[in-house]
Amino acid sequence: MYLLADIGNTRVKLAMFEDTNVPIYYEAIEHSNALDLVNALNKIKNNHPYIENVYYSSVSLKVNDLFEGSVEDCFNIKPYRVTHSDIKLKDNLYEPKNAVGIDRLLSTYASICLEGSSDEDKYASIVIDMGTATTISIMLSDFTFLGGMIIAGTKTSYQALSNCTSLPYYKIGAVENIPSPISNNVKDALMSGAMYNTIGTVNYAVSETKKFIKSKYNIKSKIFLTGGISNLKLLKCKIYPFLVLQGIYFNMIDNKNTI
């Protein structure tokens, strides 16, 4: 049994994997509170005491020491940090190669492992990760990472607007549904504006990306949605909530890709 963690800009996603690429346990916590992380790890220890290894990826380096120390104290296991060199790519066209977020490589890698690939049916995987930043990342089905876009996330753009104007800032919790396009108060107007800004931007960006891929590579594209508000089904595409964690799984545990 394995404990895998995806340390993002705002949250730590923890998951337990056993014999398949679907986690048997998943929890996401804000990493601003160290006690929440310790409590989450103790909860996992109580319910899943037989952990063979701990692997994690991180885009928030300031959290790494806290996470590693907490894991060692709880499980007496030194966690292994997954880096760019651990991901089994055919090529990475990003410049410099290690400047691309590790989460973007892992999520696109996982999407291809889950979808399958063959020389006869090549395609491009477009992964939209809707977190603190909304990223659009593209990898060819032969595991060549092309690049993509980085866009302000829904809550991030909402907060930026409040910071740069006299508009008030309201703390927003979990977003459960897409708001009405017509709001009659400032709080709802800010949230719906940020949400529809994300929806419109992502839809147009994906449309243009698909056109570019078709013109340059003459292959189809497959769209995958993951991340914080992917549950809202903002796009008509496949939703995989655990892509980064599954990317760790496919590279470090079920590493059948022999490129």
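Only one residue in K256, K214 is modelled with pLDDT of 95 or more and either open to solvent by 50 Å² or more (accessible area, probe 1.4 Å) or outside any strand (DSSP E or B) (or both), so which one is that?
Answer to the check: K214.
Restricting attention to region 142-162, report how many residues are surrounded by fewer than 21 Cβ atoms within 10 Å (Cβ to Cβ) and at pLDDT 85 or above.
Number of matching residues: 7.
Only residues that are under 15 Å from L14 (Cβ atoms) and assigned to a helix (DSSP H, G or I): list them for region 65-77, please. Spell out the reasoning first.
Kept after step one, since they are under 15 Å from L14 (Cβ atoms), are these residues of region 65-77: 66-68, 70-71, 74-75, 77.
Result: L66, F67, E68, S70, V71, C74, F75.
In region 132-141, which residue that is of a type in the set (A, V, I, L, M, F, W, C) and modelled with pLDDT of 95 or more is farthest from K220 (Cα to Cα)?
If we take residues in region 132-141 being of a type in the set (A, V, I, L, M, F, W, C) and modelled with pLDDT of 95 or more, then I136 is farthest from K220 (Cα to Cα).
Please determine whether any residue of region 94-101 is farther than 16 Å from T198 by Cα, touching a helix residue (DSSP H, G or I) at 6+ places or on another chain (Cβ under 9 Å), β-branched (V, I, T) and open to solvent by less than 50 Å² (accessible area, probe 1.4 Å).
So far as region 94-101 goes, yes, one or more of its residues are farther than 16 Å from T198 by Cα, touching a helix residue (DSSP H, G or I) at 6+ places or on another chain (Cβ under 9 Å), β-branched (V, I, T) and open to solvent by less than 50 Å² (accessible area, probe 1.4 Å).
For region 175-202, which positions are open to solvent by 70 Å² or more (accessible area, probe 1.4 Å) and polar (S, T, N, Q)?
Scanning region 175-202 gives N177, N184, N197.
Which count do you get for residues in region 78-100 that are at pLDDT below 95 and outside any helix (DSSP H, G or I)?
Of the residues in that region, 1 qualify.
Return yes or no: is V12 part of a loop (DSSP other than H, G, I, E, B), of a type in the set (A, V, I, L, M), closer than 20 Å to L106 by Cβ and under 21 Å from the mean Cα position of the chain (by Cα)?
The answer is no for V12.
Counting just the residues of region 50-64 that are part of a strand (DSSP E or B) and closer than 24 Å to G131 by Cα, which one comes out farthest from the chain's Cα centre (by Cα)? Talk me through it step by step, then tell me what you get.
Of region 50-64, the ones part of a strand (DSSP E or B) are 53-58.
After this cut, where a residue has to be closer than 24 Å to G131 by Cα as well, the list is 54-58.
Working: V54: 18, Y55: 16, Y56: 13, S57: 11, S58: 11 Å.
Taking the candidates together, the pick is V54.
Report the residue count in region 30-42 for those that are in a helix (DSSP H, G or I) and open to solvent by 60 Å² or more (accessible area, probe 1.4 Å).
Total satisfying the criteria: 4.
Do we have E27 as assigned to a strand (DSSP E or B) and of a type outside the set (A, V, I, L, M) here? It would help to see each step written out before you state the result.
On the way: assigned to a strand (DSSP E or B): yes; of a type outside the set (A, V, I, L, M): yes.
So E27 fits the description; yes.
Please specify each residue of region 114-141 satisfying the condition of being of a type outside the set (S, T, N, Q), open to solvent by 10 Å² or more (accessible area, probe 1.4 Å) and either part of a strand (DSSP E or B) or in contact (Cβ under 8 Å) with a residue 60 or more places away in the chain (or both). Step through it out loud before you land on a result.
First, pick out the residues of region 114-141 that are of a type outside the set (S, T, N, Q): 114-116, 119-124, 126-131, 133, 136, 138-140.
From what is left, the residues that are open to solvent by 10 Å² or more (accessible area, probe 1.4 Å) are 114-116, 119-122, 129, 131, 133, 138, 140.
The answer is L114, E115, K122, D129, G131, A133, I138, L140.
The values are calculated or read from the model by the stated rules, or taken from the named source; none is laboratory data. The structure presented is a predicted model; accordingly, all values stated were derived computationally and were not measured. All Cβ positions, even for glycine, are placed from backbone atoms using ideal geometry, and neighbour counts span all protein chains on display. SASA here: full protein model, heavy atoms, side chains in, ligands and nucleic acids out. Shrake-Rupley method; radii C 1.70, N 1.55, O 1.52, S 1.80 Å.
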